[in-house]
Structure formats: C-alpha cells, structure tokens
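J.: The structure's right below; bear with me while I get my questions together.
The values are calculated or read from the model by the stated rules, or taken from the named source; none is laboratory data. In this text, all values refer to a predicted model and were calculated from it rather than measured experimentally. Positions of Cβ are generated from backbone atoms using ideal geometry, with glycine treated the same way; all protein chains shown enter the neighbour counts.
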Amino acid sequence: MVDSEWVPGDMLGLQIPAHSESLRAGGESFLNKAFHATGALEADNRVTRITQLEACPGGSTGSKLLLSVAYEKPAPDLHTELFVKFSRDFGDAIRDRSKNQMESEVRFALLSRTPGFPIAVPACLFADYHQDSGTGILITQRVGFGTGGIERPYEKCLDYEMPEQLEHYRALLKAVARLAGTHKAGRLPDSVSRQFPFDQNKASASDRIRYTEKQLLNRVARFSEFSANFPQLLPRNITSSAFLSQLADEVPRYLKHELAIKQFLHSRPEFIALCHWNANVDNAWFWRDAHSELECGLMDWGRVGQMNIALAIFGALSAAETELWDKSLAELLALFVAEFHRCGGPALDVQELKFHLLLFVAMMGLAWLMDAPALIQAQIPELAEMESRFDPRFKANETARVQLHMMTTVLNLWQTEDFGVVLDQFLSRT
C-alpha cells in the first residue's frame with residue numbers, strides 16, 4: 001500500500017503510522033508512547049483499551065478516523081473521544097496530493113499545547129510528520145457537536161440555514177484576531193518565527209494566476225454565457241451587461257499588475273501575523289459562555305502560518321452570504337481591528353485593511369475561481385431545471401455549491417466595491 005507502514009516522525013522521533021491499519025496494529029502500545037511523548041498523558045497512566053476505531057468520511061485531505069479510548073486512571077481532563085487525521089489517503093490520489101499541508105498543521109497542533117494558548121482549538125494529544133514521505137498523523141479531542149452546549153456543525157456555503165449569521169461571524173473573526181494579535185504582541189513561544197517563517201518572496205509567488213490574458217477573457221466570456229443561461233442562480237448586479245463589460249476590461253489589468261499587487265500585500269510587517277488560512281464556519285465550533293456570549297473555536301489548520309491578516313479575513317468570510325458582506329463588512333473589520341489591538345497587535349486603519357482585503361479578493365478570485373462555471377455545469381448538468389441556488393441538488397453537491405457561492409462572492413464584491421477604482425488607487429500609490 002505504501003513504501004513503509006511506519007515512518008519516523010521529524011518532530012518527536014517516534015515511529016508513526018501511515019494509515020489506519022498501521023494504527024490499528026500499533027494499538028494501545030503506540031498510543032501510550034505517543035501520548036507520553038507529548039505530555040498529554042502522565043507517565044504513571046496509560047491507555048488500557050481502544051473502544052472505537054472506525055473510518056470518518058469527509059474533508060478534502062487525508063483519511064480520518066473516530067477513535068475512543070479508556071484509561072487506567074480516568075480523569076476529567078483526559079479526553080476519551082478522539083479524532084485522528086492522516087496526511088495521506090492511499091485510496092484517493094487527488095486527496096493524497098494535499099499531504100504536504102499537514103506539516104504546518106502538526107507544528108501548530110504541538111504549539112497549541114502551550115499553557116494559556118489564546119484561542120480554543122481541539123486539544124492535541126499527539127502530532128508528528130515525516131517530511132520526506134509527506135506522512136503525518138494528528139490525534140486530537142473530538143468536538144462534541146450538538147452536545148454540552150456546543151452548537152450543531154455548519155457546512156460550507158450553507159449559511160442561509162445558520163441562525164444569527166452576523167453573531168457567528170463576529171465570534172469567528174474575534175478568534176482569528178485574538179491569535180494574530182497575541183502573536184504580534186510576542187506572547188507566543190519564540191519558536192513560532194522558526195516553525196512558521198514568513199518569506200515575502202515565497203508568499204508573493206504563491207497562489208499565482210494560472211492563465212494568460214486570452215485565457216482569462218475566455219473565462220469571462222464563459223461566465224457571461226453562464227449568467228445568461230442561468231440568471232436565477234445569481235444576483236442581478238453581476239449579470240448586467242454593464243458589469244460584464246467592466247469585468248472584461250478590468251481582469252487583464254489585474255493580471256498585468258499581479259506581481260506588484262502581491263509584493264505590496266506582503267510588504268507591510270504590521271499586517272503579517274500567524275493566522276488560520278481557511279476559517280470558514282465549517283472549520284469552527286460555537287458555544288455560549290456563562291454570560292450568553294457566543295464563543296468560537298477553530299480546527300483544521302492546514303496551511304496555517306504567517307500571512308497578511310486580510311488573507312485570513314477573506315478565508316473566514318469567503319463562504320458568507322453576500323448580504324452579510326454588503327451590510328456588515330465595515331462592522332466586522334472594525335471588530336477585527338479592535339480585537340487585534342486589544343490582544344497586543346499594532347493599531348491598524350480599518351480602511352487600509354479593507355483595501356488589502358479587496359486586493360486579495362481579486363487575486364484569489366482570478367487564481368482559483370475562473371473555472372467555476374464549467375465545474376458547476378459538470379457537477380450538475382440540469383441547472384436549467386433549478387429555480388434558484390437553494391435547490392436541494394446544490395445542497396447535496398458541495399463542489400458545485402462552493403464554486404457557485406464563492407464565485408458569486410468575488411464578483412459581487414467586484415461590482416459593489418468597484419474593483420477598477422481599487423486598482424486605480426493601488427496604482428496611484430506606486
């Protein structure tokens with residue numbers, strides 16, 4: 001199945017299992033070595049029995065398991081219901097390609113064991129990674145959705161089914177800001193800069209637009225055709241002939257200045273901090289504290305690292321309803337800036353943060369969402385039969401739903417915030 005069933009972890013030095021069958025074979029013996037190595041289990045305690053070990057479907061990377069254990073000396077702070085994530089998925093080549101994302105996630109999981117860590121994350125019992133093979137494993141507390149005051153899980157791009165959307169995004173952005181501000185304040189271990197180094201040139205070269213000008217204009221034309229054929233799936237403001245003409249004029253301009261924009265976005269140290277890259281609500285859990293304030297924890301830390309906080313904000317808001325962007329963006333950015341500063345980060349100008357955010361929206365949209373119309377139609381050929389994006393077939397098809405929603409989010413912002421003016425403002429600075 002794999003070159004080696006077990007590989008040496010780079011961080012803690014233990015042999016780690018590459019997949020579920022290796023973990024099953026290692027059993028309680030491996031878990032005890034692992035939990036003792038991290039300090040999650042005291043030396044005089046041990047796992048006595050595995051009571052559950054079964055596959056857990058879902059996610060876009062690696063295979064996953066539900067794991068339950070019993071301890072010789074049970075204690076309130078010992079988690080028995082656990083979640084296991086492997087970097088590899090040997091049964092799915094596409095998912096397996098993302099194996100390298102876990103290296104930073106493992107580093108972060110071990111960092112999160114620092115006493116007084118500023119945000120809630122699933123408690124890490126063990127994590128390690130073997131860089132040469134891309135093999136990694138993460139064992140954490142299992143979040144008890146729907147129990148003990150924790151709200152049910154929320155799926156990506158289904159916010160219209162989520163109650164009190166704005167309140168949830170306030171809690172989510174405060175969590176992202178809290179980690180970033182604490183990092184900027186120097187209140188995390190000194191090892192953060194070594195474990196999560198920031199390379200301006202590397203950051204500027206990432207997420208490149210993969211198309212020529214001609215290819216981009218072809219994709220704009222395909223969106224125009226898509227909007228003409230399926231207008232019921234889109235807001236009216238992004239289907240007008242005026243906007244489509246504007247889009248065709250401005251997309252090549254953004255391509256021309258891509259490198260300069262990215263160099264600018266990664267050149268301001270006060271905006272660079274340790275952040276979650278993709279803090280959508282499906283990577284979060286929510287509960288209310290003793291004062292009925294909504295709180296948020298974050299999970300699934302693939303690609304965690306130092307980045308422009310505007311990119312992290314886009315990651316958090318990219319699946320939100322366009323109405324929330326239209327009505328509440330100013331409030332949410334002000335909230336983020338206030339929490340970031342309260343936790344020790346520098347005082348930032350809200351309008352400057354918004355400027356960075358809009359530039360990132362344009363860059364990420366052109367890099368990753370220009371093929372959305374073709375992907376949506378390939379996933380759901382019967383689009384003409386649908387009355388709206390709320391059709392159950394979209395709810396059942398995550399790929400089509402996410403592509404449609406995020407494409408709509410980017411284009412709605414392009415129209416409402418006038419990305420042509422945003423680019424002119426950028427060019428006036430250079």
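J.: Any idea which of Ser87, Ser20, Ser68 is of a type in the set (S, T, N, Q), in contact (Cβ under 8 Å) with a residue 12 or more places away in the chain and in contact with a helix residue (DSSP H, G or I) (Cβ under 7 Å, 6 or more places away or on another chain)?
T.: Exactly one of Ser87, Ser20, Ser68 is of a type in the set (S, T, N, Q), in contact (Cβ under 8 Å) with a residue 12 or more places away in the chain and in contact with a helix residue (DSSP H, G or I) (Cβ under 7 Å, 6 or more places away or on another chain), namely Ser87.
J.: Here's a follow-up. Please specify each residue of the range 292-314 satisfying the condition of being of a type in the set (Gly, Ala, Ser) and surrounded by fewer than 24 Cβ atoms within 10 Å (Cβ to Cβ). Talk me through it step by step, then tell me what you get.
T.: Initial filter on the range 292-314 (of a type in the set (Gly, Ala, Ser)): 292, 297, 302, 305, 310, 312.
Answer for the range 292-314, where residues must be of a type in the set (Gly, Ala, Ser) and surrounded by fewer than 24 Cβ atoms within 10 Å (Cβ to Cβ): Ser292, Gly297, Gly302, Gly305.
J.: So Arg178 passes all but one of these: (1) under 16 Å from Glu105 (Cα atoms); (2) not in a loop (DSSP other than H, G, I, E, B). Which condition number does it fail?
T.: With respect to (1) under 16 Å from Glu105 (Cα atoms); (2) not in a loop (DSSP other than H, G, I, E, B), Arg178 is out only on (1).
J.: Can you report the number of residues in the range 144-154 which are surrounded by 19 or more Cβ atoms within 10 Å (Cβ to Cβ) and either over 20 Å from the mean Cα position of the chain (by Cα) or assigned by TED's automatic domain parsing to the domain that holds Gly186 (or both)?
T.: Number of matching residues: 0.
J.: Would you be able to say whether some residue in the range 225-242 is touching a Pro at 6+ places or on another chain (Cβ under 6 Å), within 20 Å of Met364 (Cβ to Cβ) and part of a helix (DSSP H, G or I)?
T.: Start the filter on the range 225-242 by keeping residues that are touching a Pro at 6+ places or on another chain (Cβ under 6 Å), which leaves 226, 239.
From what's left, within 20 Å of Met364 (Cβ to Cβ): 226.
Retained after the next criterion (residues that are part of a helix (DSSP H, G or I)): 226.
Within the range 225-242, one or more residues are touching a Pro at 6+ places or on another chain (Cβ under 6 Å), within 20 Å of Met364 (Cβ to Cβ) and part of a helix (DSSP H, G or I).
J.: Filter the range 280-300 for residues that are in contact with a strand residue (DSSP E or B) (Cβ under 9 Å, 6 or more places away or on another chain) and in a loop (DSSP other than H, G, I, E, B) and give the result.
T.: If the condition is that a residue be in contact with a strand residue (DSSP E or B) (Cβ under 9 Å, 6 or more places away or on another chain) and in a loop (DSSP other than H, G, I, E, B), then Asp289, Met299, Asp300 are the ones that fit.
J.: Quick check, is Pro197 more than 21 Å from His341 (Cα to Cα), outside any helix (DSSP H, G or I) and without any contact (Cβ under 8 Å) to a residue 40 or more places away in the chain?
T.: No; evaluated as a whole, the condition is false for this residue.
J.: Here's a follow-up. Looking at Leu317, Leu369, Leu335 in this structure, which one is more than 18 Å from the chain's Cα centre (by Cα) and buried (at least 16 other Cβ atoms within 10 Å of the Cβ)?
T.: The match here is Leu335.
J.: State all residues of the range 200-236 that are in contact with a Ser or Thr (Cβ under 7 Å, 6 or more places away or on another chain), in contact (Cβ under 8 Å) with a residue 24 or more places away in the chain and surrounded by fewer than 18 Cβ atoms within 10 Å (Cβ to Cβ); if no residue qualifies, say none.
T.: Answer for the range 200-236, where residues must be in contact with a Ser or Thr (Cβ under 7 Å, 6 or more places away or on another chain), in contact (Cβ under 8 Å) with a residue 24 or more places away in the chain and surrounded by fewer than 18 Cβ atoms within 10 Å (Cβ to Cβ): Gln200, Gln232, Pro235.
J.: In addition: With the requirement that a residue be farther than 17 Å from Val106 by Cβ and charged (D, E, K, R), what does the range 9-36 give you?
T.: Answer for the range 9-36, where residues must be farther than 17 Å from Val106 by Cβ and charged (D, E, K, R): Glu21, Arg24, Glu28.
J.: Can you pull out the helices (runs of 4 or more DSSP H) entirely within the range 329-407 that have at least 1 residues that are closer than 27 Å to Tyr254 by Cβ?
T.: Per the criteria, 350-368, 372-379.
Each row is one residue, and each column tells you yes or no for (1) assigned by TED's automatic domain parsing to the domain that holds Arg178; (2) under 18 Å from Arg178 (Cα atoms); (3) modelled with pLDDT under 95.
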| position | (1), (2), (3) |
| --- | --- |
| Ile272 | yes, yes, no |
| Phe286 | yes, yes, no |
| Asp300 | yes, yes, yes |
| Ala320 | yes, no, no |
| Ala334 | yes, yes, no |
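Each row is one residue, and each column tells you yes or no for (1) surrounded by fewer than 18 Cβ atoms within 10 Å (Cβ to Cβ); (2) within 21 Å of the chain's Cα centre (by Cα); (3) closer than 12 Å to Leu138 by Cβ.
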site	(1), (2), (3)
Leu66	yes, no, no
Thr80	yes, no, no
Arg95	yes, yes, no
Leu110	no, yes, yes
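J.: Quick check: is even one residue across the range 203-211 part of a helix (DSSP H, G or I), in the same structural domain as Asn278 (by TED's automatic domain parsing), out of contact with any strand residue (DSSP E or B) (no Cβ under 8 Å at 6 or more places or on another chain) and not small (Gly, Ala, Ser)? I'd like the intermediate steps shown before the answer.
T.: Start the filter on the range 203-211 by keeping residues that are part of a helix (DSSP H, G or I), which leaves 203-205.
Okay, now just the ones that are also in the same structural domain as Asn278 (by TED's automatic domain parsing), so 203-205.
If we keep only those that are out of contact with any strand residue (DSSP E or B) (no Cβ under 8 Å at 6 or more places or on another chain) too, we end up with 204-205.
Next cut, not small (Gly, Ala, Ser) only: none.
The answer is no, given that none of the residues of the range 203-211 is part of a helix (DSSP H, G or I), in the same structural domain as Asn278 (by TED's automatic domain parsing), out of contact with any strand residue (DSSP E or B) (no Cβ under 8 Å at 6 or more places or on another chain) and not small (Gly, Ala, Ser).
J.: Being surrounded by fewer than 18 Cβ atoms within 10 Å (Cβ to Cβ) and either at pLDDT below 95 or not acidic (Asp, Glu) (or both) is the filter here, so list the residues in the range 338-351 that pass it.
T.: Ala338, His341, Arg342, Gly344, Pro346, Ala347, Val350, Gln351
J.: In the range 179-191, what residues are buried (at least 21 other Cβ atoms within 10 Å of the Cβ) and not hydroxyl-bearing (Ser, Thr, Tyr)? Quick ask: steps written out before the conclusion?
T.: Filtering the range 179-191 down to residues buried (at least 21 other Cβ atoms within 10 Å of the Cβ) leaves 179-184.
If the condition is that a residue be buried (at least 21 other Cβ atoms within 10 Å of the Cβ) and not hydroxyl-bearing (Ser, Thr, Tyr), then Leu179, Ala180, Gly181, His183, Lys184 are the ones that fit.
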